[in-house]
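Written below as structure tokens is the structure these notes are about.
Computed from the coordinates by the stated procedures, all read-outs in this text should not be read as laboratory data. None of these values were measured; they are calculated from a predicted model.
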Amino acid sequence: MPRIISVGTATPEFAVQQEETMQLAKRLFSDSMKDIDRLLKVFKNGEIKKRHFVKPLEWYTEPHSFSEKNKVFIESAVGLCLTAIRNCFALEKMKKEIAYDEIEAIFLINTTGLSTPSLEARIINQLPFSSHTKRIPIWGLGCGGGASGLSRAYEYCLAYPGAKVLVVGVELCSLTFQLNDISKSNLIGTSLFSDGAAAVW
């Protein structure tokens, strides 16, 4: 029966209190939304205390091209994935020891950026994985991506009993922030999402 043995996570260095994010949103949206004070209640109603971003808060107040943001995505996502994987493989956390080259397949889930070569292709040569490790990128499923990745890994292990697989998810939602989008949905998204990565085997 497939099971999860270990979990590792990684968060970016810039920790931001929800109150700071709310004040920034007020500054950015107050001229375009007449009922901004009523809408800002969503920041408190979400009961989020703190979030982590790959860039300092002020970076998001300036316009950035898609290519610039995607470059930041690739660099940050690879670094966070490596940290999450290393944390997942940290021996003091694991119930049993495993070597990187025992991993038969890597499922890499993300939605918030584009990468060719894919992220797991960039990662696989930076850690001592086997050259025969299979790579399965899963892109574009949004909030359901993690569950889908775990489901695909489960099915893989059913098909290949005894296989050891790694599922890695990384989302850098802050990089999808649209400075000039004055919609309520953009304000809601600004109140909820953050950046980070997780790995399980």
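Residue 171's amide H: which non-local residues (gap 5+, or another chain) put their own amide H closer than 5 Å, with H modeled 1.01 Å from N in plane and none for Pro or chain starts?
The list, which skips near neighbours in sequence, is 196.
Using alpha carbons only, how many degrees (0 to 90, rounded to 10) separate the axis of helix 18-29 from the longest principal axis of the chain?
50 degrees
Name the most mobile residue of 158, 166, 57, meaning the one with the largest mean-square fluctuation, in a Gaussian network model of the chain with Cα contacts below 10 Å.
Of the options given, 158 has the highest mean-square fluctuation.
Multiplying the sequence separation of residue 58 and residue 126 by 0.36 nm and subtracting their Cα-Cα distance, what value in nm do you get?
Contour length minus Cα-Cα distance gives 21.3 nm.
Can you compute the helix-only [θ] at 222 nm over the chain? Use -39500 (n - 2.57) per DSSP H run of at least 4 residues, normalise by all residues, nearest 500 deg cm²/dmol.
For the chain, the value works out to -11000 deg cm²/dmol.
Using the Kirkwood formula on the Cα atoms of the range 138-181, what hydrodynamic radius do you get, in angstrom to one decimal?
12.4 Å
Grab the eigenvalues of the alpha-carbon gyration tensor for the range 1-107, scale each by 5, take roots, and send me the semi-axes largest first in whole angstrom.
On the way: eigenvalues 282, 66, 26 Å².
Ellipsoid half-lengths, sorted descending, are 38, 18, 11 Å.
What length, rounded to one decimal in nm, is gained on full extension from residue 179 through to residue 151, with 0.36 nm per residue of separation minus their alpha-carbon distance?
Contour length minus the Cα-Cα distance gives 6.6 nm.
Counting pairs of Cα atoms in the range 66-201, how many percent are more than 23 Å apart?
Result for the distance tail: 35 percent.
Below 8 Å, C-alpha to C-alpha, sequence gap of six or more: please give me the relative contact order for the range 148-201 in percent.
43 percent
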